[in-house]
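Undergrad: Take this structure, written in structure tokens, and hold onto it; I'll ask about it next.
The values are calculated or read from the model by the stated rules, or taken from the named source; none is laboratory data. Owing to the predicted nature of the structure, the values given are computational and were not obtained by experimental measurement. A quick note on method: Cβ atoms are made from the backbone with ideal geometry, for glycine too, and the neighbour counts reach across all protein chains shown.
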Amino acid sequence: MDQVSRRSLAMPGLLVTLGLTGGLTACGGPGPVRRAPTIAGVPDYGDGYLSCVPYARARSGIELRGDAWQWWEAASGRYLRGRQPQPRNVLVFARTRRLPSGHLSVVRRVISDREIRVDHANWAEAGGGSRGRVAEDQPVLDVSAANDWSRVRVWYPPVRDYGNTVFVTQGFVSPRLVMAGG
């Protein structure tokens, strides 16, 4: 039986308490899917459900509001945006039929020019059992022709493999502010 411990992580204006299991994940493999963290000042949506937006906001320190797909435009002129991943950047998924609100993932680490690992909440399909959960250290592959992260495939924990869907992304939002006049 896994033993659950609590750890608090201070972030500007936030206190995040993460539920962590006692075991370690195998080196290089995707991390676990866990019950959503309790985030001070952010309501959970019942039974530990957490959407990607408050999770990404808490993990990155980026203070944007609105649906996930709106973050790209909302960041314009406020936060640096780009096409190359860096740790703590937020990958913004476009709104599509499959993702009507878009999606946000926080870059944990860069593996190569075509692979990153992300942490995100609520990455699940209906009936997948991971709805509202946090998935940590999950692989994301850049499958775009131009190697610009505009098309990606995402690890899907219920099947322990990459999903078949290619998702359109808008790019990465950095927690670094745009400097006035520069």
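Undergrad: Consider Arg59 against the criteria (1) at pLDDT below 95; (2) under 16 Å from Arg176 (Cα atoms); (3) assigned to a loop (DSSP other than H, G, I, E, B): it satisfies all of them except one. Which criterion is unmet?
TA: Tallying (1) at pLDDT below 95; (2) under 16 Å from Arg176 (Cα atoms); (3) assigned to a loop (DSSP other than H, G, I, E, B), Arg59 fails exactly one: (3).
Undergrad: Looking at (1) closer than 15 Å to Arg151 by Cα; (2) at pLDDT 95 or above; (3) outside any helix (DSSP H, G or I), which is the only condition Trp69 fails?
TA: (3)
Undergrad: Here is a follow-up. Select from segment 144-162 the residues that are within 18 Å of the chain's Cα centre (by Cα) and either surrounded by 15 or more Cβ atoms within 10 Å (Cβ to Cβ) or under 13 Å from Ile116 (Cβ atoms) (or both) and list them in ascending order.
TA: Trp149, Ser150, Arg151, Val152, Arg153, Val154, Trp155, Tyr156, Pro157, Tyr162
Undergrad: Okay, moving on. Residues in segment 53-63: is at least one of a type outside the set (Val, Ile, Thr) and within 22 Å of Ala145 (Cβ to Cβ)?
TA: Taking every residue of segment 53-63 in turn, none turns out to be of a type outside the set (Val, Ile, Thr) and within 22 Å of Ala145 (Cβ to Cβ).
Undergrad: Looking at segment 154-179, which of the residues that are touching a Gly at 6+ places or on another chain (Cβ under 8 Å) and of a type in the set (Gly, Ala, Ser) is nearest to Arg108 (Cα to Cα)?
TA: Filtering first and then ranking leaves Ser174.
Undergrad: If you take the residues of segment 106-138 that are modelled with pLDDT of 95 or more and surrounded by 17 or more Cβ atoms within 10 Å (Cβ to Cβ), which of them is farthest from Tyr55 (Cα to Cα)?
TA: Ile116
Undergrad: Could I ask something else about it? State which residue pairs qualify: first residue aliphatic (A, V, I, L, M) and inside segment 130-149, second residue surrounded by fewer than 16 Cβ atoms within 10 Å (Cβ to Cβ) and at pLDDT below 85 in any location, beta carbons under 9 Å apart, and separation of 6 or more residues or different chains.
TA: Pairs that qualify, where the first residue is aliphatic (A, V, I, L, M) and the partner is surrounded by fewer than 16 Cβ atoms within 10 Å (Cβ to Cβ) and at pLDDT below 85, are Val134/Gly19.
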